[in-house]
Amino acid sequence: MENFPIIDLSKLNGDERSATMEMINDACENWGFFERLTKEHYGKCMDQRFKQMVASKGLEAVQSEVNDLDWESTFFLRHLPVSNMAEIPDLEDDYRSRTVCTYTKAFDDFVVNKHVYSIWLHVLFNRKAMKEFAVELEKVAEQLLELLCENLGLEEGYLKKVFYGSKGPTFGTKVSNYPPCPKPDLIKGLRAHTDAGGIILLFQDDEVSGLQLLKDDQWVDVPPMKHSIVINLGDQLEVITNGKYKSVLHRVIAQTEGNRMSIASFYNPGSDAVIYPAPALVEKEAVNSQVYPKFVFEDYMKLYAGLKFQAKEPRFEAMKNMETIVNLGPIATV
């Protein structure tokens with residue numbers, strides 16, 4: 001907690017902008033994470049399914065470490081390029097009687113007018129709320145990409161253009177639940193991995209901890225903080241920045257008590273987007289050569305699907321080998 005980078009983005013306008021931008025840059029370079037100041041659906045719709053899975057796998061009686069399963073119950077929502085919201089069962093179509101989300105100001109208004117941007121996630125599990133949530137989070141992701149461009153010295157809009165492909169970015173939300181686990185020493189909530197995509201915006205449970213990231217070969221707890229967003233950088237930003245910003249290895253530790261919820265929204269390149277180190281960054285290196293490969297994002301995702309819980313470096317090397325036999329065209333842009 002002492003050194004974990006927590007950044008107040010309200011200081012981006014005014015005398016402290018330069019220092020705040022440097023904090024963001026340092027967090028991206030040295031952590032891969034930085035942080036910005038609902039369980040009803042699970043109990044109704046997912047709890048029994050998870051219990052059935054645990055029973056079928058015999059997880060409560062395991063005597064040795066489990067390396068091929070996670071103590072996690074999830075479902076996925078796709079927002080872009082085409083929403084699958086209507087296909088998700090057990091979601092109500094409209095708001096409940098109480099407030100589901102409160103948006104005080106969108107991120108762009110917050111930056112310009114110094115208003116605090118906050119979202120309260122009471123019960124996010126209906127279609128109308130999810131759609132509004134996705135629209136707001138997309139804005140936040142794109143604003144954050146602009147801040148990264150500014151810090152990296154890239155032209156305005158560069159990262160958004162790279163992510164765009166021919167049909168726009170891929171954007172979706174993973175809703176996860178980590179119930180109490182009888183043997184957290186043997187079963188991980190979620191095994192260690194880096195995220196494959198671009199920029200990830202995570203709403204943690206504000207009471208139950210468990211998220212950790214690897215920093216200088218030590219696992220560091222990411223503290224739960226109410227009304228905050230944890231920002232994670234994925235593999236694609238490591239490639240585009242030619243390793244200046246690194247995707248971070250992270251995991252979730254299961255807990256014996258407490259029911260941890262997390263809502264992670266992934267703003268990723270489009271499936272046909274061509275990813276490679278930004279020429280402007282490669283030119284700045286002492287040795288003018290690309291370290292990272294050039295590939296189509298969809299091809300990387302196919303490889304990642306089977307190697308998610310392994311080291312990222314062999315994935316990059318495999319894509320580099322593929323690059324030698326595939327002639328990739330220029331980046332598709334808006």
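Length gain on complete extension for the stretch residue 226 to residue 128, per 0.36 nm per residue less the alpha carbon to alpha carbon distance? Write down the numbers at each step before the final one.
Working: separation 98, 0.36 × 98 = 35.28 nm, distance 2.32 nm.
Gain on stretching residue 226 to residue 128: 33.0 nm.
For the cross-link pairs 160/308; 11/174; 160/188; 174/284, the ones whose C-alpha atoms lie over 27 Å apart are 11/174; 160/188; 174/284.
Could you tell me what percent of the accessible area of the range 161-265 is made up of carbon and sulfur, with a 1.4 Å probe and every protein chain present? Intermediate results must be reported in sequence, preceding the final value.
On the way: 1530 of 3290 Å².
After summing per-atom areas, the C and S share lands at 47 percent.
For residue 246, the solvent-accessible surface computed with a 1.4 Å probe is close to 80 Å², ligands and nucleic acids excluded. Extension gain for residue 52 to residue 272 (0.36 nm times residue separation, less C-alpha to C-alpha distance): 75.4 nm. A Förster radius of 22 Å combined with the Cβ-Cβ distance from residue 257 to residue 76 puts the calculated FRET efficiency at roughly 0.20.
Fully extended, how many nm does the chain gain between residue 87 and residue 167 (0.36 nm per residue separation, minus their Cα-Cα distance)?
Values: separation 80, 0.36 × 80 = 28.80 nm, distance 2.12 nm.
Result: 26.7 nm gained on full extension.
Residue 78 contributes about 100 Å² of solvent-accessible surface, heavy atoms of the protein only, 1.4 Å probe. Here the peptides 12-20, 231-239, 149-157, 171-179 are ranked by packing, the mean other Cβ count within 10 Å, and the order with the highest first is 231-239, 171-179, 149-157, 12-20. The phi torsions of the range 154-165, fed into the Karplus equation with coefficients 6.51, -1.76 and 1.60 and a -60° offset, translate into couplings of 8, 5, 4, x, 4, 5, 4, 5, 4, 5, 5, x Hz, rounded to whole numbers, with Gly and Pro shown as x. When the convex hull of its Cα atoms is viewed from all sides, the range 195-329 shows a mean projected area of 9.8 nm². Over 18 Å apart at the Cα level, from the set 215/246; 131/226; 139/215; 139/161, are 131/226; 139/215.
The values are calculated or read from the model by the stated rules, or taken from the named source; none is laboratory data. Since the structure is predicted, the reported quantities are computational estimates derived from the model, not experimental observations. FYI the Cβ positions are ideal-geometry reconstructions off the backbone, even for glycines, and counts take in every protein chain you see. When the accessible area is computed, the model is the full protein with side chains, heavy atoms only, and any ligands, DNA or RNA have been set aside. Shrake-Rupley method; radii C 1.70, N 1.55, O 1.52, S 1.80 Å.
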